[in-house]
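Chemist: First, the structure itself, so that you have it in front of you.
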Amino acid sequence: MSHFTFLSAGESHGPQLTVIVTGVPAGVRLDRERINRDLARRQHGYGRGGRMKIEHDEIEIVGGVRGGETLGSPIAISIRNADFKNWEAAMGVWEVDANEAHKRRVHAPRPGHVDLIGGMKYDRRDLRDVLERASARETASRVAAGAIAKELLRAFGIELRSGVVSIGPAGDPDRATTWDDLGAVDDDSPMRAVDRDAEAAMVAEVDKAREAGETLGGTIVAAAHNVPIGLGSYVQWNEKLDGRIAQAILSIHAVKAVAIGDGVAAAQRVGSEVHDPIYFDEEHRYHRTSNRAGGLEGGVTNGQDVVVRAYMKPISTLRRGLPSVDIETHEPHRSQWERSDVTAVPACGVVCEAMLAIALADAMREKFGGDSLGEMRGNFEGYVARVGEY
Ligand SMILES: Cc1cc2nc3c(=O)[nH]c(=O)nc-3n(C[C@H](O)[C@H](O)[C@H](O)COP(=O)(O)O)c2cc1C
């Protein structure tokens, strides 16, 4: 059972995205600017397509909040698609113009997208009916829900950050990255790179790919700081928080692999170079001097930063197309191209942050419950005091 979750609806070129967030206790103060800033961060990044020049995402909250404070009821959010005005004739809810719909029709599916399989599964002959919802425009909903999760986590001192460590061949996907390293990431920089020295090479790779009609993926590190000991559990497979975080991150469009802490690199090392030794002194109590485990042991948070690495594949819409088939004629046909990103790794980092926040907010609600923030905080403080004396 989810204790904090969200549902979303809306097509990429439809009128709006609608998000309903459940599991927020009453009494959480929301900061509209902070939420909108996260939406703007998702729109940023070198290598994005023309769509991001059209949209200026902002939330409109239409339920669950009064005077800037949550009521404990579901929170309903809408995010308008500014591009809808250019698509209304083809994407109208009640009526579509046959000519416009024909012009926008997708009949040569893109390998790497769900166009073909979605058409078969949902019995749609215009593959636009599939890609409109499968599109990563949906990630704006995730960032809005994640921003609400962050507001809740912030009330307990928990913060999140992310940064890009590689784009295509530039940078280092294994780069050791701490919370402080992520603090140096400049959201206004082209790539939101952890290593500022690698940024120019990343930009050059994107330029090269754009010129060749190609696309690029990359690697992101997302982390959470001040996470209490004991979120998640080892007692059942589906209570393990590492598994729950992995699901949240892997569900992001184009993310094909995820590692907790040194995950992937650790598989090639000996045990003594992987595990984080335990120390004790009166001042610091139990503590570690390394965090290779990424803050999780046995599916339970250990009080260290939760560190997640996400691997994003290259965008599947290539300007030069890929071998495919026309679904009407069954003849060979290059996959269709429409305005698309060359890379979206910097934006994907913001989405990873949001999904990590959602997984952690869910685990916090599971552990500390309460209908109001005050009740939840009472439970939290009692528990943290007890663990501190262990
Ligand atoms: C922030 C973000 C932006 C994306 N932008 C595009 C895009 O412009 N064009 C595209 O073809 N795919 C884009 N993608 C990737 C596709 O949405 C994704 O590859 C597709 O939905 C297929 O899903 P899968 O790769 O998870 O199997 C983007 C992904 C993210 C996270």
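Coordinate-derived values only; no laboratory data. Remember, it's a predicted structure, so these values are computed and weren't measured experimentally. Note that each Cβ is placed from the backbone with ideal geometry, even for glycine, and that neighbours are counted across all protein chains shown.
Chemist: Can you name every residue in the stretch 339-371 that is surrounded by fewer than 15 Cβ atoms within 10 Å (Cβ to Cβ) and over 30 Å from Asp172 (Cα atoms)?
Modeler: Gly369, Asp371 - these are the residues of the stretch 339-371 that are surrounded by fewer than 15 Cβ atoms within 10 Å (Cβ to Cβ) and over 30 Å from Asp172 (Cα atoms).
Chemist: Determine whether Leu356 is out of contact with any helix residue (DSSP H, G or I) (no Cβ under 9 Å at 6 or more places or on another chain) and within 16 Å of the ligand (Cβ to nearest atom).
Modeler: No; evaluated as a whole, the condition is false for this residue.
Chemist: Right, another one. In the stretch 288-320, how many are in a loop (DSSP other than H, G, I, E, B) and either buried (at least 21 other Cβ atoms within 10 Å of the Cβ) or touching a residue at least 40 places away in the same chain (Cβ under 8 Å) (or both)?
Modeler: 18
Chemist: Which of the strands (runs of 3 or more DSSP E) found entirely inside the stretch 189-287 contain at least 1 residues meeting this: among the small types (Gly, Ala, Ser) and more than 30 Å from Ser335 (Cα to Cα)?
Modeler: It comes to 218-225, 255-260.
Chemist: State the number of residues belonging to the stretch 69-92 that are under 25 Å from Lys53 (Cβ atoms), out of contact with any Leu (no Cβ under 9 Å at 6 or more places or on another chain), touching a residue at least 12 places away in the same chain (Cβ under 8 Å) and not in a helix (DSSP H, G or I).
Modeler: Count: 2.
Chemist: Go through the stretch 140-184 and report how many residues are more than 16 Å from the ligand (Cβ to nearest atom), closer than 29 Å to Glu366 by Cβ and in contact (Cβ under 8 Å) with a residue 60 or more places away in the chain.
Modeler: Here the count works out to 16.
Chemist: Of these, Pro323, Pro346, which one is away from the ligand (no atom under 16 Å from the Cβ), touching a residue at least 60 places away in the same chain (Cβ under 8 Å) and touching a strand residue (DSSP E or B) at 6+ places or on another chain (Cβ under 8 Å)?
Modeler: Result of the check over Pro323, Pro346: Pro323.
Conditions tested, residue by residue: (1) farther than 19 Å from Gly64 by Cβ; (2) surrounded by fewer than 17 Cβ atoms within 10 Å (Cβ to Cβ).
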position	(1), (2)
Phe4	no, no
His13	yes, no
Leu17	no, no
Ile20	no, no
Ala26	no, no
Arg29	no, yes
Arg32	no, yes
Leu39	no, no
Arg48	yes, no
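Chemist: Okay, next question. Determine whether the stretch 295-311 contains at least one residue that is under 21 Å from Pro109 (Cα atoms) and within 16 Å of the ligand (Cβ to nearest atom).
Modeler: No: the stretch 295-311 contains no residue that is under 21 Å from Pro109 (Cα atoms) and within 16 Å of the ligand (Cβ to nearest atom).
Chemist: Considering each of Arg133, Arg124 in turn, give the residue that is closer than 29 Å to Pro332 by Cβ and either touching a Pro at 6+ places or on another chain (Cβ under 8 Å) or not in a helix (DSSP H, G or I) (or both).
Modeler: Testing whether each residue is closer than 29 Å to Pro332 by Cβ and either touching a Pro at 6+ places or on another chain (Cβ under 8 Å) or not in a helix (DSSP H, G or I) (or both) leaves just Arg124.
Chemist: Does any residue in the stretch 128-139 that is touching a residue at least 12 places away in the same chain (Cβ under 8 Å) come within less than 6 Å, Cβ to Cβ, of a residue that is of a type outside the set (Ser, Thr, Tyr) and assigned to a helix (DSSP H, G or I) six or more places away or on a different chain, and which pairs are these?
Modeler: Close Cβ pairs satisfying both conditions: Val130/Asp115; Val130/Gly118; Val130/Gly119; Leu131/Asp115; Thr139/Val351.
Chemist: Condition first: more than 13 Å from the ligand (Cβ to nearest atom) and either surrounded by 21 or more Cβ atoms within 10 Å (Cβ to Cβ) or hydrophobic (A, V, I, L, M, F, W, C) (or both). Now tell me which residues in the stretch 114-126 satisfy that.
Modeler: Answer for the stretch 114-126, where residues must be more than 13 Å from the ligand (Cβ to nearest atom) and either surrounded by 21 or more Cβ atoms within 10 Å (Cβ to Cβ) or hydrophobic (A, V, I, L, M, F, W, C) (or both): Gly119, Met120.
Chemist: Which residue pairs have Cβ atoms under 7 Å apart, sit 6 or more places apart or on different chains, and have a first residue in the stretch 255-284 that is within 19 Å of Ala223 (Cβ to Cβ) and a second that is surrounded by fewer than 16 Cβ atoms within 10 Å (Cβ to Cβ) and of a type outside the set (S, T, N, Q)?
Modeler: Taking only residues 6 or more apart or on different chains, the pairs are Val258/Leu250; Ala265/Asp174.
Chemist: Within the stretch 17-24, is there a residue that is within 14 Å of the ligand (Cβ to nearest atom) and either part of a helix (DSSP H, G or I) or in contact with a Phe, Trp or Tyr (Cβ under 8 Å, 6 or more places away or on another chain) (or both)?
Modeler: no
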